[in-house]
Every structure is written in C-alpha cells, then in structure tokens.
C-alpha cells in the first residue's frame, strides 16, 4: 500500500498531491479519496503527480472516471508534473488529447 | 465415542504430567489435529480437560474447578467463531467452483478461430493472471484471404473485466465482416462499450485488417499499446502509432487508421500492457528488451517466438506476472 494522497479543498478549488505508486493495489485508495469531490459542482481541481513513481492502467482508470464526473458537473481537472513514463501512458491511450495534462518541468508548481 | 476420546485425552495428559518431554507434547499436537478434524469445539476440549483432571487429581481445591467452568463459558463464543469460519470456508469453496465454471464459460464464449492466410504465419498467446482473462483476441476471416484481428484489454481485472469483454465480443459478432476497416470497427465497439460500462471500466483495443493478396495491414488503435513493426530489410523495429481514444470514455471519439505493406520476413507484434508493464528487481522491462527477445528467434515460426518471449519475461520477473499477458505475432512468409 505504497501511496500517499493529500487533498485540500476550499471554495470549490481542489489541490492535490499524490506520491508513490498507483497500481491495482493502491488505486482503490486513490479512488476512495477522490470520491467525495466527484459530485462537487464546477470544481476546479489540480492534482500534482510529480512524485508518482509508477502508474499502470488501473490508475489511469481512476483518473478517467474522476475526469468524467468532474466534467459532467461543469468543472475542470488538471493533472500536472507528469513524468515521461506517465505522459506516454496518457498519450498512448488518447487521453492526453482530451484531458488537461502537463509534463514535469513545464511550468506548474 | 466421546468417552473414548475423553479417555484418550486423559492418557495423553497424564503422560505429559509425568514427563514434560517434546515427545509427549508432540502426541498432544497430533491429537488436537484429530479433534479439529472432528469439529470438536474449544469449550468441549476444556470440559474434557476438566474431567480428565478431576479423575487424575481429585483433591484439587474447589477454586480450580470453578475456574475451569468459567473458562468453558469464555470459550463458547470462540466455538461459534470457529463454526462461522467453517461455514465461510465452505462458501468460499462454492464461490471458487462458480468462478471455475464462469472461467470455462468465458473460454467457450470468447473462443475464436485462428484464420489460415496465404503467406502469413500467426503466433499467439494469451495467459490470464487470475482465472478470468481481461485480455481478448478475436479473429474474423473470410474465404477471400481477408482477416480482421482484434486484441483488447479491459482496464480492471477479474469477473467484471470478463463480463465487459463479452460485450466487446458481441460487438465484434454483430459486425462479423472481415471487410470492415479499423475506423468503423472501433467506433462501433466504442458506442457499445460507452453505453453499457461503468465509469471505472475502459477497454483498449487494437484492430488490424489484413489482406493476404496485397500483404497490406490496415490498423487502428483505441488507446492500445502501439504494435511494433519489424522490417527484415533493415533489421529495425518501429512503433505503429495511430491516434485513438480508449473505448468507453467518450461516444464522440473518432479513430484514425493507417496501413503498412508487409514484405517477406517482416513481423507485426501486437501486445497488451501486461507484456510491456512488467517489472523486475532492477526496474521496468522496456520495449528494447522485448525487441531483443524477438530478434533472437526471428527465424523461427511465429508461435515459437511468442512462446519464447513469454517464457523469458516470466523468468525475468521470477514467474510473477502482474497482469494478463497477450502477445500476437504476424510474420510474413
């Protein structure tokens, strides 16, 4: 269970920092932490993934689901600090084209 | 029967009271296994102990006997917990049998026939991590030397993933047309998956349409791990990248398609992320490693290459794969 999820929300602005590995074992933890925010109207969320060492497709599933629910409530989700490996995962899956993602080293923080 | 067990217990206890040896303790351990196998409850064991002690040491103070009565009361709930555990074990066994059955149904339901195409050698392997496979290979072929291949991977594992896969299969069946191009196959399946799958489940899929006469492969991808093309002429690999969103994310998604003409000894390697996301003690297994494995066996039949790559990757990961594994090689001969 090597994951750490810090989320802070005030006035519909959600800032999050995720550390560790997101795989089949830890993805449920992440999903559970994000769940309270998925039905917030017009949520402006930014999740920093610069300390995520590993993510597989299960982790991707959690972000897509969160993206879909935030979007359907008129909100916006941004993922920042993506390593080259994570960026590739988003690009291969075509998610990089529809989601707001930012690689590590490009602005952000 | 109960009396017989009681006197056996008394005997074993007595031996131990005389001499506290390992040997006597060992006899006791074996006896307790026998009691467990006969579903003897903890409170019955203590009653038996009390009875044996009363016979062996009758002039113990009253308080000792009272304390045993108290202990028996204490143990009753442990006995109930034990019974519960046994009924859970039984239920678990029932579930296991149902899963076995479901896995068999899945195997029958999702089975596909490998086409035989002039000038194309096909090798494939799909190994589930658990009982139910979240990866899927499906062929559609005709008599004219055309064949479509779908390689899909459900994000998510186990039973829900397998159910989701059945939907992909029925989508493919409803098309059942080897003339179809990747663009239309992927959009059709996307609409089916998007409507019926819950928010956490997505499918990545590669679709390739091959014509034996021209040796042309037309391919498209819905967020799937890119296939690799090996060119025999240059001895190099290239990624067959093509744009397309995972199935089930947006009903509006459109899919690009590209084509490539295969020459003699060229290979197309189609895989799921279970092949590329492997991890060893030293780090990730990258594409380079997989390419090298393929190169070592490039002159062998496609099935031999596929099996070799699998065996080697399993070996590198100490026989612990972390995802369903599916690998297909098309080799032009």
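Please treat every number below as a calculation from the coordinates, not as lab data. Bear in mind the structure is a predicted one, so any value in this text is a computation, not a measurement. As a convention, Cβ positions derive from the backbone with ideal geometry for all residues, glycine included, and neighbour counts pool all protein chains shown.
Relative contact order for segment B:110-332: what is it in percent, counting Cα pairs under 8 Å that are at least 6 residues apart? Can you show the working numbers first?
Working: 499 pairs, mean separation 54.8, N = 223.
With pairs under 8 Å counted, the relative contact order is 25 percent.
Measure nothing but the geometry: give the 0 to 90° angle between the long axis through the Cα atoms of B:158-175 and the longest principal axis through the Cα atoms of chain B, rounded to 10°.
With rounding to tens, the tilt is 30 degrees.
What does the structure give for B:223-231 when I average, per residue, the other chain Cβ atoms found within 10 Å of the residue Cβ? Each step should come with its number before you reach the end.
Values: counts 10, 3, 4, 1, 0, 0, 0, 0, 0.
Mean inter-chain Cβ contacts per residue within 10 Å come to 2.
Rg/Rh for segment B:17-129: what does it come to with C-alpha atoms and Rh from Kirkwood?
Values: Rg = 27.9 Å, Rh = 19.9 Å.
Rounded to two decimals, Rg/Rh equals 1.40.
Quote to one decimal, in nm, the extra length available between residue B:80 and residue B:39 on full extension: 0.36 nm per residue of separation minus the C-alpha distance between them.
Numbers: separation 41, 0.36 × 41 = 14.76 nm, distance 1.15 nm.
This chain segment gains 13.6 nm when fully extended.
Rounded, prolate or oblate: which fits segment B:234-333 when a ≥ b ≥ c are the square roots of the eigenvalues of the alpha-carbon gyration tensor, with rounded for a/c under 1.5 and prolate only if a/b beats b/c? Display every interim value, and only then the final one.
On the way: a/c = 2.18, a/b = 1.15, b/c = 1.90.
Since a/c reaches 1.5 but b/c is at least a/b, the shape of segment B:234-333 is classed as oblate.
Taking a ≥ b ≥ c as the square roots of the Cα gyration tensor eigenvalues, with a/c under 1.5 meaning rounded and otherwise prolate when a/b beats b/c, else oblate, which class fits segment B:32-91? Spell out each step's value before the answer.
Details: a/c = 6.19, a/b = 2.13, b/c = 2.91.
It is oblate, given that a/c is not under 1.5 and a/b is not larger than b/c.
Starting from 0 in steps of 10 Å, tell me what percent of the Cα-Cα pairs of segment B:123-253 lands in each bin.
Reading the bins upward from 0: 12, 42, 34, 10, 1.
Which FRET efficiency value, to the nearest 0.05, is calculated for residue B:320 and residue B:214 with the Förster distance at 56 angstrom and r the Cβ-Cβ distance? Don't skip to the answer; put the middle values down first.
Values: r = 43 Å, r/R0 = 0.76.
Efficiency, from the Cβ-Cβ distance: 0.85.
Can you tell me, using C-alpha contacts under 8 Å and at least 6 residues apart, the relative contact order of chain A as a whole percent?
For chain A, the relative contact order is 24 percent.
Using helices alone, what [θ] at 222 nm do you get for chain B, with -39,500 (n - 2.57) per DSSP H run of 4 or more residues, divided over all residues and rounded to the nearest 500?
Numbers: 9 runs with 158 residues, N = 333.
It comes out at -16000 deg cm²/dmol, rounded to the nearest 500.
Quick one: helix B:302-316 against the long Cα principal axis of chain B, what's the angle to the nearest 10°, folded into 0 to 90?
Around 40 degrees separate the two axes.
Restricting to Cα pairs below 8 Å that are 6+ residues apart, what does the relative contact order work out to for segment A:24-72? Please round to a whole percent.
The value is 61 percent.
Quick one: work out Rg over Rh on the C-alpha atoms of segment B:110-332, Rh as Kirkwood radius. Display every interim value, and only then the final one.
Details: Rg = 16.5 Å, Rh = 17.5 Å.
Ratio value, two decimals: 0.94.
Taking Cα atoms, how many degrees apart are the long axis of helix B:22-37 and the longest axis of chain B, rounded to 10 and kept between 0 and 90?
Taking Cα atoms only, the helix is inclined about 70 degrees.
Shape of chain A from its Cα gyration tensor (a ≥ b ≥ c, root eigenvalues): rounded if a/c is under 1.5, otherwise prolate when a/b > b/c, or oblate? Please list the in-between numbers first.
Working: a/c = 1.39, a/b = 1.21, b/c = 1.14.
Because its axes are fairly even, with a/c under 1.5, chain A counts as rounded.
Can you give the direction-averaged projected area of the convex hull of the alpha-carbon atoms in the protein assembly as shown, in nm²? Write out the running numbers ahead of the final one.
Working: hull surface 124.4 nm².
Over every viewing direction, the Cα hull of the protein assembly as shown projects on average to 31.1 nm².
Please give the average number of partner chain Cβ atoms lying within 10 Å of the Cβ of each residue in A:83-90, rounded to a whole number. Walk me through the numbers before you get to the answer.
Numbers: counts 0, 0, 2, 0, 0, 0, 4, 1.
Whole-number average of other-chain Cβ neighbours for A:83-90 is 1.
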